[in-house]
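Undergrad: Sharing a structure here in structure tokens format.
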């Protein structure tokens with residue numbers, strides 16, 4: 001018993017240096033966000049508990065912003081899961097090399113770089129417009145247009161590489177053995193994909209999809225660079241309110257931030273619940 | 001027992017075999033075409049920055065630059081691209097230097113499963129992945145301002161916390177597969193704890209450490225929104241320069257050069273980490 | 001459900017290796033029979049199974065099931081199920097659904113597939129574990145499930161690739177008993193790859209010895225022991241006694257003298273090596289009738305029995321002492337080589353280098 005407590009004390013000491021800053025930064029940041037959003041820590045004027053910021057938001061198209069954020073995250077994550085899973089399966093099955101390395105190389109590219117290059121690719125004077133020979137003014141507004149096409153494509157591009165890398169590492173070598181075993185038992189290529197590969201990849205797909213969704217909901221720079229000015233996704237809206245010269249807008253900005261955290265956390269809870277249903281490996 | 005020796009529920013008719021052969025061939029070519037297509041899809045976004053970075057003139061609707069040159073590089077240099085690059089490198093390295101050992105220690109403790117409230121601790125350490133950094137930072141700036149915490153300290157703190165989930169996760173996985181028998185063997189062969197750490201423990205987890213350090217570096221290197229919020233324009237990192245350039249119009253070559261500069265170090269580091277771990281497994 | 005498996009001229013040559021991994025092997029497994037492919041590691045045993053299963057493509061040669069060629073047929077349509085050393089159970093399916101897998105992919109409705117699978121699970125005695133996850137099973141249980149799953153596919157030929165070699169000896173013996181029962185119940189055609197002579201002896205009707213990618217000999221296991229075709233087979237099966245000499249008039253002549261050979265051993269006149277299994281040689285007191293006289297030079301304990309080395313005419317012979325017999329170095333003993341246990345093989349040991357110097361060396365030693 002004594003030895004047990006000593007070893008868990010040692011373990012606690014090893015965890016503390018990572019745990020302490022995490023708890024401090026998350027706690028202080030989120031705590032202050034909540035307090036400020038409730039008007040308790042104003043930059044100007046007297047502290048006063050109020051839900052005014054939240055009530056103002058409901059009027060102020062925050063629901064539209066929420067819808068836009070969730071729609072962008074859902075669209076780009078779905079695309080990323082589709083492309084990423086396909087890429088992972090292809091790497092496992094095809095003898096042509098290079099795809100795994102390309103996917104791995106896309107992951108560390110900053111999203112801002114992705115946004116810049118997708119802008120150069122899809123803008124109305126971009127590479128694609130030149131390739132299809134569009135007359136000036138006739139190319140559809142992919143950047144800054146009504147359907148957030150460039151935003152979704154940039155996020156899907158980067159996140160599909162992330163999904164591919166995560167799924168690949170989870171499949172690794174065991175999947176190939178099981179694939180052989182399934183073939184020997186009479187399962188054709190499609191049967192093996194449906195009954196062996198996809199169930200084995202499911203936990204990795206859920207995990208990477210959840211992380212990707214939460215990331216996109218909270219990401220700022222891509223939607224800011226490639227999106228339209230109205231309606232704004234949550235992060236862009238919060239940022240505009242936060243940088244407003246009118247300091248009384250601060251509580252509203254933080255209210256939007258708190259809402260974004262709630263959406264991301266909700267996605268995480270849903271992902272964890274889904275994971276419990278598909279993760280039978282452990 | 002008779003049921004068990006009945007003929008198989010499937011026949012082996014010639015047509016079935018023929019169809020399977022056609023299917024197998026189609027699947028093979030489908031896989032090849034798919035691989036080429038997906039690889040191209042992932043590579044296409046690299047194309048514009050490579051072209052525009054060396055284009056001095058490229059009027060619409062020309063398919064290739066009409067005048068090649070390094071004008072973009074000169075403009076980027078004039079805008080302070082190189083000091084910004086140095087700042088970003090420093091930021092990435094600092095975050096990596098702090099978050100990697102923190103993650104390694106936590107990962108080791110968690111892998112051994114003796115941490116009190118282990119599940120909750122793990123959840124807390126991984127939580128920053130799901131928390132939008134801009135929200136945390138918006139709350140934190142006010143607190144930091146009131147407490148008089150310097151901006152750079154707050155910036156590094158937020159980014160370290162954002163990097164800890166990655167380093168912890170990787171190191172926990174590495175230590176889960178780490179055989180402490182090696183350390184015991186080294187002990188019985190006469191190695192002291194310092195030697196065990198330097199000659200056995202660290203070399204064995206080196207590939208995982210490199211991967212963790214790389215990811216932590218990326219968190220600092222790629223950050224845009226936290227630097228923008230905390231620095232309020234006074235800390236100009238490479239992404240900030242790129243963001244400013246990209247949001248203005250009419251300087252495509254400069255955008256491309258800055259984007260290229262922000263791409264090269266991570267790709268180089270990735271290559272180094274990959275080569276390092278591959279050489280390890282070959283031995 | 002069982003069929004005849006015929007392999008002709010099967011060859012596989014991996015580019016990186018200097019010699020073919022499999023060199024034109026011919027083998028027939030009759031319907032309902034069990035043939036063991038016995039060989040040391042690296043002899044190409046597993047390659048042969050992968051070629052039959054369609055997981056690899058031969059450079060030449062054919063695999064026939066009931067006379068039909070399997071060339072170009074993908075693994076899933078061959079009806080040749082391969083059971084590996086690691087059971088390769090699907091971790092996302094429970095035990096019953098693992099066994100039902102081949103039935104489902106063949107198009108059975110789920111309920112029927114599970115009912116059917118339950119019968120096979122019963123056959124291997126694991127009905128009570130039907131709803132467990134593979135990760136919770138012991139090694140022996142996993143391999144039972146793998147066998148049930150393989151049989152549920154109703155294979156024309158069941159291919160077993162050292163399926164029991166990772167299990168500990170008691171469990172392995174249980175699995176041997178189970179497989180014998182399964183053979184009686186469903187009569188599958190089995191090609192078994194193993195490096196374990198005992199396993200081949202217990203499970204297989206006949207055994208093919210695979211050495212350096214070629215089938216050196218294919219016969220009943222007792223024949224392999226008593227009548228090896230070459231020194232290589234004799235040595236691979238653990239035979240310790242080989243005496244160089246020559247055969248003439250139905251007898252073997254060497255430094256041991258003239259030893260009559262049994263009538264069924266037909267060896268052409270000329271150089272030949274006498275081989276006698278150590279288990280077959282008996283040691284008797286010097287006053288009893290014996291073929292040779294010798295002196296015990298060394299005794300090595302081997303559990304119930306002991307290996308006894310006897311020097312006869314300056315040569316060393318190895319024998320196994322029976323329970324209760326005790327010998328000490330220096331004992332003078334009579335050596336009995338029972339007539340029917342004597343055998344002679346050509347001295348050209350290596351089939352690949354038949355003209356090499358080794359045969360002449362044997363000859364020279366025999367005549368000096």
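Quick note: the coordinates plus some simple rules give every number you see, no bench work behind them. Just so we're clear, the structure is a prediction, and the values are computed from it rather than from any experiment. Every residue, glycine among them, receives a Cβ derived from its backbone with ideal geometry; neighbour counts consider all protein chains shown.
Undergrad: Classify the stretch C:1-96 as rounded, prolate or oblate from the Cα gyration tensor: take a ≥ b ≥ c as the square roots of its eigenvalues, call it rounded if a/c is under 1.5, otherwise prolate when a/b beats b/c and oblate if not.
TA: In terms of gyration-tensor shape, oblate.
Undergrad: For residue C:69 and residue A:190, what does the FRET efficiency come to when R0 = 25 Å and r is the distance between their Cβ atoms, rounded to the nearest 0.05?
TA: 0.45
Undergrad: What per residue convex hull volume, in Å³, comes out for the stretch A:50-278 when only alpha-carbon positions are used?
TA: Per-residue hull volume (Cα only) is 145 Å³.
Undergrad: Still on this structure, I have one more. Find the centroid of the Cα atoms in the stretch A:1-40 and in the stretch C:159-182, then give the distance between the two in whole Å.
TA: Taking the Cα centre of the stretch C:159-182 as reference, the centre of the stretch A:1-40 is 53 Å away.
Undergrad: Then there's this: Taking Cα atoms of the stretch C:281-336, Rg/Rh with Kirkwood Rh, to two decimals?
TA: Here Rg/Rh amounts to 0.93.
Undergrad: For the stretch C:5-222, take N as its residue count and report Rg(C-alpha) divided by 2.2 N^0.38 Å.
TA: This ratio for the stretch C:5-222 stands at 1.00.
Undergrad: Could you work out how far helix C:95-105 tilts from the main Cα principal axis of chain C, as a 0 to 90 degree angle to the nearest 10?
TA: 80
Undergrad: For chain A, what does the relative contact order come out to in percent, with C-alpha contacts under 8 Å and a separation of six or more?
TA: 27
Undergrad: Rg/Rh for chain B to two decimals, with Rh computed the Kirkwood way over all alpha-carbon pairs.
TA: 1.13
Undergrad: Let me know the mean shielding of B:247-259 by other chains, meaning the per-residue number of their Cβ atoms within 10 Å of its Cβ.
TA: 3
Undergrad: Count, for each residue of B:154-161, the Cβ atoms from other chains sitting within 10 Å of its Cβ, then give me the mean as a whole number.
TA: 3
Undergrad: Quick check: Cα centre of the stretch A:140-190 to Cα centre of the stretch C:284-305, how many Å?
TA: 72
Undergrad: Binned at 20 Å from 0, what are the whole-percent values of the Cα-Cα distance distribution for chain C, short to long?
TA: 26, 46, 24, 4
Undergrad: For the ranges C:311-318, B:120-127, B:238-245, what's the packing order if you count other beta-carbon atoms within 10 Å of each residue, average per peptide, and put the highest first?
TA: The peptides rank, most packed first, as B:238-245, B:120-127, C:311-318.
Undergrad: Now, a different point. Per residue of chain A, what 222 nm ellipticity follows from adding -39500 (n - 2.57) for every DSSP H run with n ≥ 4, rounded to the nearest 500?
TA: -24000 deg cm²/dmol
Undergrad: Normalised radius of gyration for the stretch A:1-40, please: alpha carbon Rg relative to 2.2 N^0.38 Å, two decimal places.
TA: Against the compact-globule rule of thumb, the ratio is 1.83.
Undergrad: Considering only C-alpha atoms, what is the centroid distance from the stretch B:218-281 to the stretch A:236-267, in Å?
TA: Cα centroid of the stretch B:218-281 versus Cα centroid of the stretch A:236-267: 26 Å apart.
Undergrad: On to the next question. Please give the average number of partner chain Cβ atoms lying within 10 Å of the Cβ of each residue in A:158-169, rounded to a whole number.
TA: 1
Undergrad: Same structure, new question: Where does helix C:169-186 land angle-wise versus the long Cα axis of chain C, in degrees 0 to 90, nearest 10?
TA: Approximately 70 degrees, to the nearest 10.
Undergrad: Using the reciprocal of the averaged 1/r over all distinct C-alpha pairs, how large is the Kirkwood radius of the protein assembly as shown in Å?
TA: Final number for the Kirkwood radius of the protein assembly as shown is 33.4 Å.
Undergrad: So for C:343, A:111, C:176, fewest C-beta neighbours within 10 Å to most, what's the order?
TA: C:176, A:111, C:343
Undergrad: For the stretch A:23-115, compute Rh as the Kirkwood radius over C-alpha pairs and then the Stokes-Einstein diffusion coefficient at 20 °C and 1.002 mPa s; write the answer in µm²/s, rounded to an integer.
TA: The calculation lands on 120 µm²/s.
Undergrad: If I take the Cα coordinates of the stretch B:175-283 and project them onto the principal axes, what are the three extents in Å, biggest first?
TA: 68, 32, 20
Undergrad: Here's a follow-up. Quote the convex hull volume per residue of the stretch B:29-115, based on C-alpha atoms, as a whole number of Å³.
TA: 179
Undergrad: How would C:279, B:62, C:328 line up from fewest to most surrounding beta-carbon atoms within 10 angstrom?
TA: Going from sparsest to densest Cβ surroundings: C:328, B:62, C:279.
Undergrad: Evaluate the stretch B:89-154: find the radius of gyration of its Cα atoms, find its Kirkwood radius, and give the ratio Rg to Rh.
TA: Over the Cα atoms of the stretch B:89-154, Rg/Rh equals 1.05.
Undergrad: Ranked highest first by the average count of other Cβ atoms within 10 Å around their residues, in what order do C:230-240, C:147-157 fall?
TA: Put in order of decreasing packing, that is C:147-157, C:230-240.
Undergrad: Further, regarding this structure: Helix-only estimate, please: 222 nm mean residue ellipticity of chain C, summing -39500 (n - 2.57) across DSSP H runs of length 4 or more and dividing by its residues, to the nearest 500.
TA: -8000 deg cm²/dmol
Undergrad: Ranked from highest to lowest mean number of other Cβ atoms within 10 Å per residue, what is the order of the peptides A:97-104, A:72-79?
TA: Per-residue Cβ counts within 10 Å, averaged per peptide and sorted highest first, yield A:72-79, A:97-104.
Undergrad: Here's a follow-up. Label-point separation (nm) for residue A:243 and residue B:199, each offset 7 Å from Cα along Cα-to-Cβ?
TA: 5.7
Undergrad: May I ask for the Kirkwood hydrodynamic radius of the stretch C:157-261, worked out over all distinct Cα pairs and given in angstroms to one decimal?
TA: This gives a value of 16.0 Å.
Undergrad: Helix C:139-152 against the longest principal axis of chain C: what's the angle in degrees, Cα atoms only, rounded to the nearest 10?
TA: 70
Undergrad: Here is a follow-up. 222 nm [θ] for chain B, helices only, -39500 (n - 2.57) per DSSP H run of 4+, per residue, to 500?
TA: -24000 deg cm²/dmol
Undergrad: What list do you get for B:141, C:286 if you sort them by fewest beta carbons within 10 Å?
TA: Sorted ascending by nearby Cβ count, the order is C:286, B:141.
Undergrad: Suppose each label sits 7 Å from its Cα in the direction of the beta carbon; what would the residue C:110-residue A:277 distance come out to in nanometres?
TA: 1.4
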